[in-house]
Amino acid sequence: MLLLLITLLGLAALSIAEQHPFLPKPAIAKPKFSPLRPPAVPLAVRTPYLSTWVSTHNKETLNGQWPIFWTGAEVGWAGLLLVDNVTYEWMGYPSSALANIESVTTEAVHYTATKTIYTISAGKVGINVTFLTPITLDDLKRQSLPASYLSLAFWSLDKKNHSVSLYTDVDGRWLSGDSNSHIGWGIGLTARRQKSEKDVISHIVEKEVQGRFSEWSDKAEWGQFYWSTEMVSELIYNAKVRIIESLTRWLWPTMLVQGSLNSRIYRIRSIHIIELLMI
């Protein structure tokens, strides 16, 4: 009787298996790293005080986690894309506080001694996100600036027109290691000096009380942080200028570029300059 019961249970299990086959879970696609997968990917790395990375320990993408200072402390650097009325997170972790946000797909990560390029896609739009910290030995003045560059290039994946808006921002954790610090946000416009140059608009961030030549958790407690971009007609900017703002609150200074995209040319190319001046 026991043998018959075991046989019946075995036949029942085989019958269920035929109706509902046991399939392995689909593997999550991982980005391809070139030349190899490092412990952390450099984003804006120029000096010990301007040294921002993204870890590959838990995630291998630019989004879904916050970038880090070289000590491992998080810094706020976020990026969102609105593609055909769908919002995508491409950098940082704003989806931890905002609802209805999709994640971009990270295809590849390539880096050199001076440049990191993330190739990602959002809907039917492909994007190259480039972080550049150039070496300019023929221009020592430029080489001496603690500055780094962020640019994005877009293209259509299906050769059709698409609507694209870009949002990116930083927070006060770039400026101080003390979470109780009070900082001020301002907006400055640098007018072009030559016809070949462009007007530049900047968020200028500084501590209310400067600790000249002092550090807190290895971060400089003096100087100014510049978050800059080319001044174009499609740019919307907002520093939320409540002159004194606590670092413990999340700040959303806006750098938003809007436009349309087709399959032949880049209609949007945004270049952001990150500059940390110790004066």
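Can you flag which of LYS141/LYS198; LYS30/LYS124; LYS32/LYS59; LYS30/LYS59; LYS115/LYS160 are past 21 Å Cα-Cα?
Among LYS141/LYS198; LYS30/LYS124; LYS32/LYS59; LYS30/LYS59; LYS115/LYS160, the Cα-Cα distance tops 21 Å for LYS115/LYS160.
Across the stretch 181-196, in residue order, what do the Karplus-derived ³J(HN,Hα) couplings come to in whole Hz, using 6.51 cos²θ - 1.76 cosθ + 1.60 with θ = phi - 60° and x for Gly and Pro?
Values, residue by residue: 5, 10, 10, x, 9, x, 10, x, 10, 9, 6, 5, 9, 10, 4, 6 Hz.
Under 13 Å from the Cβ of THR71, count the other residues' Cβ atoms, weight Lys and Arg +1, Asp and Glu -1, and hand me the total.
That sum, taken over residues with Cβ under 13 Å, equals -1.
Could you calculate the FRET efficiency of THR112 with GLN194 from 1/(1 + (r/R0)^6), where r is the beta carbon distance between them and R0 is 45 Å, rounded to 0.05?
So, using R0 = 45 Å, E works out to roughly 0.90.
List the aspartates and glutamates whose alpha-carbon lies under 20 Å from that of LYS207, not counting same-chain residues fewer than 8 positions away?
GLU74, ASP169, ASP171, ASP178, GLU215, ASP218, GLU221, GLU245, GLU275
Coordinate-derived values only; no laboratory data. Please read these numbers as outputs of a predicted model, since none were measured by experiment. With ideal geometry, Cβ positions are generated from the backbone for all residues, glycine too; neighbour counts draw on all protein chains shown.
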